[in-house]
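*Asks:* Can you read through this structure? Questions will come right after.
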Amino acid sequence: MSNEIARQLYSQEFKRNPYPILHELLEQGPIVRSKFPFLGNVWMVSSHAAVNEMLKDRKRFVRDPASLGKGQRGYFPFWMPRSLRVMASGMILRDEPDHRRLRILVEQAFARRSLEQMQPRIEEMADELIQEMREKHRRTGQSVDLMAEYAQRFPIAVIAELLGLPEADRSRFGNWAEKFAIEPGLIGFLKLVPSLGKIEKYLRGQIQLCRDAPRPGLLTELVQAESDGQRLTEDELVAMAVLLLFAGFLTTTHLIGNGMLELFRHRDQQERLLGDDSLMESAINEILRYTSPVQFTKPMRAAEAMNYYGAELEKGDVLMAVLAAANVDPTVFVNPDRFDITRKPNPHIAFGAGIHVCLGMKLAKLEARVSFQKLWSELKNLELAITPEDVQWSKQKGVRRPQALPIQFG
Ligand code: HEM
């Protein structure tokens, strides 16, 4: 039965309406064994309490298989392509103390720029894209795809600017990210290697350019941290740049795309939100809870044999936190399948928890706020050009976002 659930979690049916399948999973218990493509046997951890506890417990659960003890191999064995092994040095796949060392460096660089400072430029970038959509609409007289023209381009623009990457390169990141969806099986997994190789080569080139001629942006600051006191190796620097680029991109695309779709679907709430800006914070939290832009965390490993919420775990067992299920756990959320922009309290776990909790959550919320405010106010009589039921969903595995959202406006 649980194998069936793993299959269902990847299905189109799930993307159209995830809630019955998530409740079926929760009803099977807080932790169930399943088989996933490529990963093999995985314990799916689904209840809000079990997910939170696992992500926060550094003693009993680890990220990096190498942390399990002597003789354990790391994420990718030596015979795997080098680009994969480089990515495994990113902090999202590391445990303490390496994770802390890396996270402090990037947190310091983030802290040097406040969101208030960044907001005007972020608004300007949103305005530029909205203007382009308006012109396209005027030129063609056709509906415009909000996903392609805005929800994907805006977060790329923001993260590229934050890193200090050239504007002309932005469209390449989108093409690379599309390849990042892991298809089932080893073959599918290996298919992403060429894209990874290209990203790695590109970023090593940019790192060299930052060394030769420092320019504004996080990448130069991290390059300086690398040369400063050897606090960061070049591979770690490349992995950090890849992580920031991709962690900050598609996640926010999902938040904006899924958020707009839910607001189109729930006209009453859309009207309330547009009439009362003080609801924006709770509306964004509800969109995060209801749509879980990141559906699962990276896998964890049991650091010891234990009984966890009734499951007998062996040391080394692989576990995955199903954030989408924890976010509709009925023991925590009243009427969890109801979209309610006034929901309070809303202890969603869309940004993860514990040491790997999202580093960019405030930036992501700011991007969502700017987008929702501007799209509705700038594009008069904004409407979805198809019925919500006809929306096609992305075929990428483990990713729930509309493939396209054709819109029209006056
Ligand atoms: C709606 C938008 C976003 C969502 C839902 C989201 C969600 C998450 C989640 C669930 C994790 C933990 C993953 C895990 O434990 O496996 C995470 C980690 C992370 N996120 Fe985000 N994220 C978003 C936007 C961003 C943005 C805009 C940035 C960058 C600037 C960012 C940077 C990161 C980084 C660097 C990590 C790794 C942190 C670590 O390992 O210590 N995220 N995010």
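The values are calculated or read from the model by the stated rules, or taken from the named source; none is laboratory data. Keep in mind that this is a model prediction, so the values were computed, not measured. In this analysis, Cβ positions are derived from the backbone assuming ideal geometry, glycine residues included, and neighbour counts consider all displayed protein chains. Surface accessibility is based on the protein's heavy atoms, side chains included, excluding ligands, DNA and RNA. Shrake-Rupley method; radii C 1.70, N 1.55, O 1.52, S 1.80 Å.
*Asks:* Here's a check for you: in segment 375-392, which residue that is over 30 Å from Ala6 (Cα atoms) and outside any loop (DSSP other than H, G, I, E, B) is least open to solvent (accessible area, probe 1.4 Å)?
*Replies:* Checking each candidate, the answer is Leu375.
*Asks:* Among the residues of segment 280-296, how many are open to solvent by 20 Å² or more (accessible area, probe 1.4 Å) and within 9 Å of the ligand (Cβ to nearest atom)?
*Replies:* So the count comes out to 2.
*Asks:* Sticking with this structure for a sec: Could you look through segment 99-116, keep only residues that are assigned to a helix (DSSP H, G or I) and open to solvent by 60 Å² or more (accessible area, probe 1.4 Å), and pick out the one that is farthest from the ligand (Cβ to nearest atom)? Please lay out each step first, then the result.
*Replies:* To start, the set of residues in segment 99-116 that are assigned to a helix (DSSP H, G or I) comprises 99-111, 115-116.
Those still in the list that are open to solvent by 60 Å² or more (accessible area, probe 1.4 Å) too: 100-101, 104, 107-108, 111, 116.
Details: Arg100: 9, Arg101: 11, Ile104: 10, Glu107: 9, Gln108: 14, Ala111: 13, Glu116: 16 Å.
If we take residues in segment 99-116 being assigned to a helix (DSSP H, G or I) and open to solvent by 60 Å² or more (accessible area, probe 1.4 Å), then Glu116 is farthest from the ligand (Cβ to nearest atom).
*Asks:* Determine which single condition Lys395 fails, assuming it passes every other condition in (1) in a loop (DSSP other than H, G, I, E, B); (2) at pLDDT 95 or above; (3) of a type outside the set (Gly, Ala, Ser); (4) under 17 Å from the mean Cα position of the chain (by Cα).
*Replies:* Checking Lys395 against (1) in a loop (DSSP other than H, G, I, E, B); (2) at pLDDT 95 or above; (3) of a type outside the set (Gly, Ala, Ser); (4) under 17 Å from the mean Cα position of the chain (by Cα), the one that fails is (2).
*Asks:* Mind checking whether some residue in segment 363-374 is farther than 30 Å from Asp98 by Cβ, away from the ligand (no atom under 14 Å from the Cβ) and surrounded by 14 or more Cβ atoms within 10 Å (Cβ to Cβ)? It would help to see each step written out before you state the result.
*Replies:* The initial filter retains those residues of segment 363-374 that are farther than 30 Å from Asp98 by Cβ, namely 368-374.
Keeping just the survivors that are away from the ligand (no atom under 14 Å from the Cβ) gives 373-374.
Subsequent filtering for residues that are surrounded by 14 or more Cβ atoms within 10 Å (Cβ to Cβ) retains 373-374.
Yes: one or more hits.
*Asks:* Same structure, new question: Go over the candidates Pro184, Pro214, Pro166 one by one and state the one that is in contact with a Lys or Arg (Cβ under 8 Å, 6 or more places away or on another chain) and either open to solvent by 40 Å² or more (accessible area, probe 1.4 Å) or modelled with pLDDT of 95 or more (or both).
*Replies:* Pro184
*Asks:* Out of curiosity, is Phe351 near the ligand (Cβ under 9 Å from one of its atoms), among the aromatic types (Phe, Trp, Tyr) and either open to solvent by 40 Å² or more (accessible area, probe 1.4 Å) or closer than 28 Å to Ile130 by Cβ (or both)?
*Replies:* Yes.
*Asks:* On the basis of being of a type in the set (Gly, Ala, Ser) and in contact with a Pro (Cβ under 9 Å, 6 or more places away or on another chain), does Ala404 make the cut? Explain how you work it out, then say what you get.
*Replies:* Numbers: of a type in the set (Gly, Ala, Ser): yes; in contact with a Pro (Cβ under 9 Å, 6 or more places away or on another chain): no.
No.
*Asks:* Evaluate segment 362-372: report whether one residue or more is polar (S, T, N, Q), assigned to a loop (DSSP other than H, G, I, E, B) and at pLDDT 95 or above.
*Replies:* First pass over segment 362-372, keeping only residues polar (S, T, N, Q): 371.
From what's left, assigned to a loop (DSSP other than H, G, I, E, B): none.
No - not one qualifying residue is present in segment 362-372.
*Asks:* For segment 381-392, state whether one or more residues are within 12 Å of the ligand (Cβ to nearest atom) and farther than 30 Å from Ser47 by Cβ.
*Replies:* Taking segment 381-392 as the starting set, the residues that turn out to be within 12 Å of the ligand (Cβ to nearest atom) are none.
Scanning segment 381-392, I find no residue that is within 12 Å of the ligand (Cβ to nearest atom) and farther than 30 Å from Ser47 by Cβ, so the answer is no.
*Asks:* Here's something else I'd like to know. Might you check whether a residue that is of a type in the set (Gly, Ala, Ser) and surrounded by fewer than 21 Cβ atoms within 10 Å (Cβ to Cβ) occurs anywhere in segment 244-266?
*Replies:* To start, the set of residues in segment 244-266 that are of a type in the set (Gly, Ala, Ser) comprises 247-248, 257, 259.
Going one step further and asking which of them are surrounded by fewer than 21 Cβ atoms within 10 Å (Cβ to Cβ), we end up with 247.
Yes - at least one qualifying residue is present in segment 244-266.
*Asks:* Quick check on segment 303-320. Is at least one of its residues surrounded by 21 or more Cβ atoms within 10 Å (Cβ to Cβ) and within 15 Å of the ligand (Cβ to nearest atom)?
*Replies:* Yes, because at least one residue in segment 303-320 is surrounded by 21 or more Cβ atoms within 10 Å (Cβ to Cβ) and within 15 Å of the ligand (Cβ to nearest atom).
*Asks:* Identify the single condition in (1) under 20 Å from the mean Cα position of the chain (by Cα); (2) at pLDDT 95 or above; (3) open to solvent by less than 20 Å² (accessible area, probe 1.4 Å); (4) within 16 Å of the ligand (Cβ to nearest atom) that Asp95 does not satisfy, given that it satisfies every other one.
*Replies:* (3)
*Asks:* Another question, then. Among Gln152, Gln119, which is open to solvent by 10 Å² or more (accessible area, probe 1.4 Å), touching a helix residue (DSSP H, G or I) at 6+ places or on another chain (Cβ under 6 Å) and in contact (Cβ under 8 Å) with a residue 60 or more places away in the chain? Don't jump to the end; show me each part of the working.
*Replies:* On the way: Gln119 fails: touching a helix residue (DSSP H, G or I) at 6+ places or on another chain (Cβ under 6 Å).
The conditions single out Gln152.
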